[in-house]
Amino acid sequence: MPVTHADACLVWPIVAPLATALAAFVLGGRWSTRLGVAVVPIVVAATAVVTWRVWHHGPQTYSLGNWPAPLGIELHADGLSCAMLLMSACIGAVVSVYSVGYFEGSTTASRGQPQKDTGAQFWPLWLMLWSALHALFLSADIFNLYVTLELLTLAAIGLVVLTGTRAAVEAALRYLLAALAGSLLYLAGVALMYGAHGTLDIASLGRSVTADASLQAALLLMMVGLMLKTALFPLHFWLPPAHGSAPAPVSALLSGLVVKGSFYILLRLWFDVFPQEFTRPLTLLPAVLGAAAILWGSMQALVADRLKMLVAYSTVAQLGYLFLVFGLARPGSDTGFAAWSAVVLFALSHACAKGALFLAAGTILHVAGHDRIRDLPAVSRRLPTTFFAIGVASVGLMGLPPTAAFVAKWTLLRVALGGGHIGLAVVIVLGGLLAAAYLFRVLAAAFTQPGVVDTNVSYRKVPRWMEYSTLGLALVSLLLGLASYPVIELLRIGSPWSPPIVQEAAP
Amino acid sequence: MTPTLNYALTGVVLFSVGLSGLFFCAHLLRKILSVNMAGSGVFLVFVALARRQPDVPPDPVPQALVLTGIVVAVSATAVALALFRRLTHEPAEEPHG
């Protein structure tokens, strides 16, 4: 395929944050914040351009340095990649704005808040993470997916330990070991697949794989590794401490974006590479574990006494919904596409709502110095915008209409009932009720109990844009429901359910 | 048994021993070493699979991949050791973030 100048747009979502990360690391100090903020519009524009091209011209492929697939590195963007890129751009932009305020106060911090130059350390790591995530969503081969997955993990580990507390370092080490085990299992699968088929390219693997024992082993290894990295119950043990002890913007990034990286790889391999007769006997395993995750995570969220831990366990529960796709989406059927696109939509909606909740929890921690749920009434009077954002994000997370989570759950429920999966349908409904129950614990504490304003406790001032960016993200999660139709049409481009690609002229 | 199969099976054994060490050893340093061992096992399998027929020269791609993998493994081990050192050498109580 001849490389055109326009296809080169695929590199910008990767190169822009990477180059800025290096510059921010070298220059340090105030420059890192300035550079970090300056690159946000560039990254957002780059992802918009990629999406625009995919929307009008179909899936895009670009060979780096004009080296073709077997030796060179190829980037590939289709509807799914674009949806993930847009999610990353949106959350990344909001978290960047929030972080300016969050880390600005860190120079004069006290009471266990971030120490002196945390902000200068945050920006290079976060921009690396952003770059790695975009590289992951655009990778066209399974080995590059491994490399990007590791880059993502290493950057995430650096971010988790930013606070420097002992709890954070312990959580980070546990997270790192779990993540390394997951990546090695995945890499072992890559080795087996390359040994059997002599290619790493996802598209050519999808055409050439034949059902044999080595492929079976590869599928199992990759599946377990990626489930560990996505924190699917019962492999979720590392997630709550890591997400709960990281600084707030980092928790939002980890819960909203990073876990979606490994899920994206599993989604792609499952439907694009492995033949259907191969995955069918295994469909029940991830779906049943997903259902167990929904119940277990929600239960833990119901009894958590700190807001950040509640939100972290809620992530364990909501990740369970994503894994229902493997039980519900049948390749080649119409309901298959419905379930598949619903789960991706759910992932996008969860990213926004969960990001907003973590940011709000961070603001509360920043202002009050604690995030105990029973002491929230005293704080809620001081942070009306943040608590309004919690309310809006909760609506998005519970999946009430008209949010995207509602559209997604409704579709999943319809497919589950249509396919006779009564058990999964019950769990989908029950999960929504449980989400409502644990979120109402927070809302009830915030809005219904008379707040006793303790004059002995000093509250820190909070920069305005921290509150407004949180509210903005919460509103995106609410409004995404109204935009579900174009998102689903975007996902159709280049999906396993779309007809073979026909190059059509732009309108 | 061909040498290729020998190497591949050794790799599988190393990988399994490493993984079980990661899950069953209590000491953090042993866990970090176990991850490294499991990694070496995967690399060995990769390199062994490069020589599919005994008469033709081995495929260079897996070797390039393993080199990349080693770089990744070294970086990850460095981070793990830095965290480990932080835990064992600085037991001072710090406020909760």
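Would you mind classifying the stretch A:122-172 by shape? Square roots of the alpha carbon gyration tensor eigenvalues, ordered a ≥ b ≥ c; an a/c under 1.5 is rounded, otherwise it is prolate if a/b is larger than b/c and oblate if not.
Oblate is the answer for the stretch A:122-172, as a/c is 1.5 or above yet b/c matches or exceeds a/b.
Kindly identify the stretch B:3-89 as rounded, prolate or oblate by the Cα gyration tensor criterion: order the square roots of the eigenvalues as a ≥ b ≥ c, call it rounded if a/c is under 1.5, otherwise compare a/b with b/c, prolate if a/b is larger, else oblate.
Note, shape of the stretch B:3-89 comes out oblate.
Counting Lys +1, Arg +1, Asp -1, Glu -1, what net charge surrounds A:Val311 among other residues with beta carbon under 11 Å of its beta carbon?
It works out to a net charge of +2.
Using a/c under 1.5 as the rounded threshold, could you call the stretch A:283-497 rounded, prolate or oblate? The axes a ≥ b ≥ c are square roots of the C-alpha gyration tensor eigenvalues, and prolate needs a/b larger than b/c, oblate otherwise.
Prolate is the answer for the stretch A:283-497, as a/c is 1.5 or above and a/b outweighs b/c.
Could you state the angle between the C-alpha long axis of helix B:3-24 and the longest principal axis of the C-alpha atoms of chain B, as a value from 0 to 90 degrees rounded to the nearest 10?
Rounded to the nearest ten degrees, it is 20.
Among B:Pro60, B:Gly18, B:Val45, whose Cα lies farthest out toward the positive end of the dipole of the stretch B:3-89, if unit charges sit on the beta carbon of Lys, Arg (+1) and Asp, Glu (-1)?
Going by the charge dipole, the pick is B:Gly18.
What is the angle, in °, between the Cα long axis of helix A:213-229 and the longest principal axis of the Cα atoms in chain A? Nearest 10 is fine, range 0 to 90.
Orientation of helix A:213-229: about 10 degrees from the principal axis.
May I ask for log10 I(q)/I(0) of the protein assembly as shown at q = 0.12 Å⁻¹, from a Debye sum over the Cα atoms as equal point scatterers with solvent left out?
Taking Cα atoms of the protein assembly as shown as identical point scatterers yields -1.24.
For helix A:404-418, what angle does its Cα long axis make with the longest principal axis of chain A, in degrees from 0 to 90 and rounded to 10?
Here the helix axis deviates by roughly 50 degrees.
Starting from the Cα of A:Tyr459, step 7 Å along the direction of its Cβ; do the same at A:Leu295; then give the gap between the two resulting points in nm.
Distance between the two pseudo-spin positions: 4.1 nm.
Report, in listed order, any pair from A:Lys260/A:Lys461; A:Lys308/B:Lys31; A:Lys260/A:Lys409; A:Lys229/A:Lys308 with a Cα-Cα distance greater than 23 Å.
Those over the limit are A:Lys260/A:Lys461; A:Lys308/B:Lys31.
Averaged across the residues of A:136-148, what count of C-beta atoms belonging to other chains lies within 10 Å of each residue's C-beta?
Averaged over the peptide's residues, the number is 1.
Assigning unit charges at the beta carbon (Lys, Arg +1; Asp, Glu -1) and nothing else, what dipole magnitude in debye, to the nearest 20, does the protein assembly as shown show about its Cα centre?
Using Cβ point charges on Lys, Arg, Asp and Glu, the protein assembly as shown gives about 1280 debye.
Suppose a student asked you for the relative contact order of the stretch B:3-89, using Cα pairs under 8 Å spaced at least 6 residues apart; what percent would you report?
The normalised contact order for the stretch B:3-89 reaches 28 percent.
Contact order normalised by length for the stretch A:125-250, with contacts defined as Cα pairs under 8 Å and 6 or more residues apart; what percent is it?
It rounds to 30 percent for the stretch A:125-250.
So what J values fall out for the stretch A:300-317 if you push phi through Karplus, 6.51 cos²θ - 1.76 cosθ + 1.60 with θ = phi - 60°, rounded to Hz, Gly and Pro as x?
5, 5, 5, 9, 5, 9, 10, 4, 5, 5, 4, 5, 5, 5, 4, 5, 4, 5
Exposure proxy check: A:Cys9, A:Cys352, B:Cys25 ranked by fewest other beta carbons within 10 Å?
B:Cys25, A:Cys9, A:Cys352
Coordinate-derived values only; no laboratory data. Worth saying up front: this structure is predicted, and the values here are computed from it rather than measured. A quick note on method: Cβ atoms are made from the backbone with ideal geometry, for glycine too, and the neighbour counts reach across all protein chains shown.
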